[in-house]
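So the structure is just underneath, and the comments pick up after that.
The values are calculated or read from the model by the stated rules, or taken from the named source; none is laboratory data. These numbers come from a predicted model, not from an experiment. As a convention, Cβ positions derive from the backbone with ideal geometry for all residues, glycine included, and neighbour counts pool all protein chains shown.
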Amino acid sequence: MACYDNIIGLARADCPCVDVAPASGYNTSTSGLFISDIEPINALSGYGECGEASIWTILSKARDEAIRVFKADTNALLSQYFSPRRQRFSGQIGQGSGRDTFTTTKTYAGVRIACNPMRGGTLKITAIGTLFSGAGTLEVSVYNSLNEQIGDTVEVDTIAGFKLNTLATAIELPLYVDFDDKHEYFLVYSHSPSNPAKVNSLSCGCGGRLSPYYDTSRPVWGKTYGGPDSWANWIMVGGWNGDTLTDFDKCEGQTGTELNGLALQVELGCDISQVLCSGTLDFTNDPMAMSMAYAVLWKAADIMASKLLMSTDLTRANVINRESWKDARREWGEKYLGAIRYISEQAATGAQNDCLTCREDRMIGVKTSFS
């Protein structure tokens, strides 16, 4: 998330290493905090003999790992206070079979997704299934209802039949689209008459389960669904075709549920980390933001010291000052634990996103110990 980009910097000046050039952006810090300001890290010089490329590599890896640990630890603590409003879904949307050939006079075709607009809700597409007449390559792009392309175009394969294409990088989409009251996404490809899709449906709608439809004036999540239909608590899915990629905002509110040869493997749920930040951090007006920066700083310093003490290559710092480094680690660890406890408790008593609700049976207080 953009919240943590350069939340702390590596160094204020190009001084920790004489022989190796610093990493790009080493002196960028949105909080004004830098790892190399902390004693005794500020006394290190020339770390190339420790088996890493340079001290810059060590500092950069320590910061990246600190951010990952901070997010994991705070998510664990926040889960003691919050629970999802809706059942999480992980599974398939769309049928992998169809006999009729898809025909259209339009240039583009694909799938349309309307989202239950919950701040903090996420749609992750991990695989795209294709049901086509023959072998080939399909370029699939994602647009929102503001006519903006989201991310890069994804290439998937087609065969004469159904093929599930697992994505190397999942497509992650927030259910709430800022500055838009439609909250829709469109997965589109160029229709080729030489290799048309097969008509596949969203669901059979049989056995007393969900009878799917697409109508933005009465979305399907007006009811509650369970099991394999629980995706409908989060999104509404239908087909789309058109001649331009700039008129998604003008789409009618109703469409059919034939998916034009595409099927999706998805995960739907709440991103608990958005309780702390859903965009960027305000270090001027939000005291919590600076607490988060200090937590990352102390964890990065702890990780930096751990790498130094565990190194098999001897340096003056890790031979002479081992006890000082161990004492510093304990101090930084205590400060970090205190910071994440404070951050989680403050978040639990403050605003929450639309996707989560407070656990009524929880009292403010943290019992879990992290290291």
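Summary table below
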read-out: Only one of 88, 99 that is under 17 Å from residue 263 (Cβ atoms), of a type outside the set (Phe, Trp, Tyr), at pLDDT below 95 and not assigned by TED's automatic domain parsing to the domain that holds residue 291; value: 99
read-out: Residues that are in contact with an Asp or Glu (Cβ under 6 Å, 6 or more places away or on another chain) and within 14 Å of residue 69 (Cβ to Cβ), drawn from the stretch 282-305; value: 303
read-out: Residues that are modelled with pLDDT under 80 and within 18 Å of residue 61 (Cβ to Cβ), drawn from the stretch 30-46; value: 41, 44, 46
read-out: Close pairs from the stretch 59-81: first more than 30 Å from residue 358 (Cα to Cα), partner in a helix (DSSP H, G or I), Cβ under 6 Å, at least 6 apart; value: 59/35; 62/300; 62/303; 62/304; 63/300
read-out: Identity of the residue in the stretch 232-254, closer than 15 Å to residue 144 by Cα and of a type in the set (Asp, Glu), that ends up nearest to the chain's Cα centre (by Cα); value: 249
read-out: Enumeration of residues in the stretch 255-274 that are in contact with a Cys (Cβ under 8 Å, 6 or more places away or on another chain) and part of a loop (DSSP other than H, G, I, E, B); value: 271
read-out: Among (1) among the hydrophobic types (A, V, I, L, M, F, W, C); (2) modelled with pLDDT of 95 or more; (3) surrounded by fewer than 13 Cβ atoms within 10 Å (Cβ to Cβ), the one test that residue 240 misses; value: (3)
read-out: Criterion (over 30 Å from residue 57 (Cα atoms), touching a helix residue (DSSP H, G or I) at 6+ places or on another chain (Cβ under 9 Å) and β-branched (Val, Ile, Thr)) met by exactly one of 272, 303; value: 272
read-out: Single residue of 291, 201, 273, 278 found to be under 30 Å from residue 131 (Cβ atoms) and of a type in the set (Gly, Ala, Ser); value: 201
read-out: Matching residues in the stretch 172-197 - criterion: being in a strand (DSSP E or B) and not hydrophobic (A, V, I, L, M, F, W, C); value: 172, 174, 184, 185, 189, 190
read-out: Those residues of the stretch 105-120 which are surrounded by fewer than 16 Cβ atoms within 10 Å (Cβ to Cβ) and polar (S, T, N, Q), in sequence order; value: 105, 107
read-out: Residue count for the stretch 121-149, restricted to those that are part of a loop (DSSP other than H, G, I, E, B) and either among the acidic types (Asp, Glu) or surrounded by fewer than 16 Cβ atoms within 10 Å (Cβ to Cβ) (or both); value: 5
read-out: Selection count where residues are of a type in the set (Val, Ile, Thr) and either more than 18 Å from residue 128 (Cβ to Cβ) or surrounded by fewer than 14 Cβ atoms within 10 Å (Cβ to Cβ) (or both), scope the stretch 153-163; value: 2
read-out: The listed residue being loosely packed, with under 14 Cβ neighbours inside 10 Å and farther than 18 Å from residue 265 by Cβ, out of 247, 215; value: 247
read-out: Residue check, residue 253 at pLDDT 90 or above and buried (at least 19 other Cβ atoms within 10 Å of the Cβ); value: no
read-out: All positions within the stretch 3-29 that are surrounded by 19 or more Cβ atoms within 10 Å (Cβ to Cβ) and either modelled with pLDDT under 65 or part of a loop (DSSP other than H, G, I, E, B) (or both); value: 7, 8, 10, 11, 16, 17, 22, 26, 29
read-out: Members of the stretch 275-297 that are part of a helix (DSSP H, G or I), more than 21 Å from residue 63 (Cβ to Cβ) and under 19 Å from the mean Cα position of the chain (by Cα); value: 275
read-out: Matching residues in the stretch 164-196 - criterion: being closer than 14 Å to residue 138 by Cβ, surrounded by 18 or more Cβ atoms within 10 Å (Cβ to Cβ) and not β-branched (Val, Ile, Thr); value: 187, 189, 191, 196
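Every residue, every condition in (1) free of Cβ contacts under 8 Å to residues at least 12 places away in the same chain; (2) assigned to a strand (DSSP E or B); (3) among the aromatic types (Phe, Trp, Tyr), yes or no:
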{"position": "160", "(1), (2), (3)": "no, yes, no"}
{"position": "164", "(1), (2), (3)": "no, yes, no"}
{"position": "170", "(1), (2), (3)": "no, yes, no"}
{"position": "221", "(1), (2), (3)": "no, no, yes"}
{"position": "230", "(1), (2), (3)": "no, no, no"}
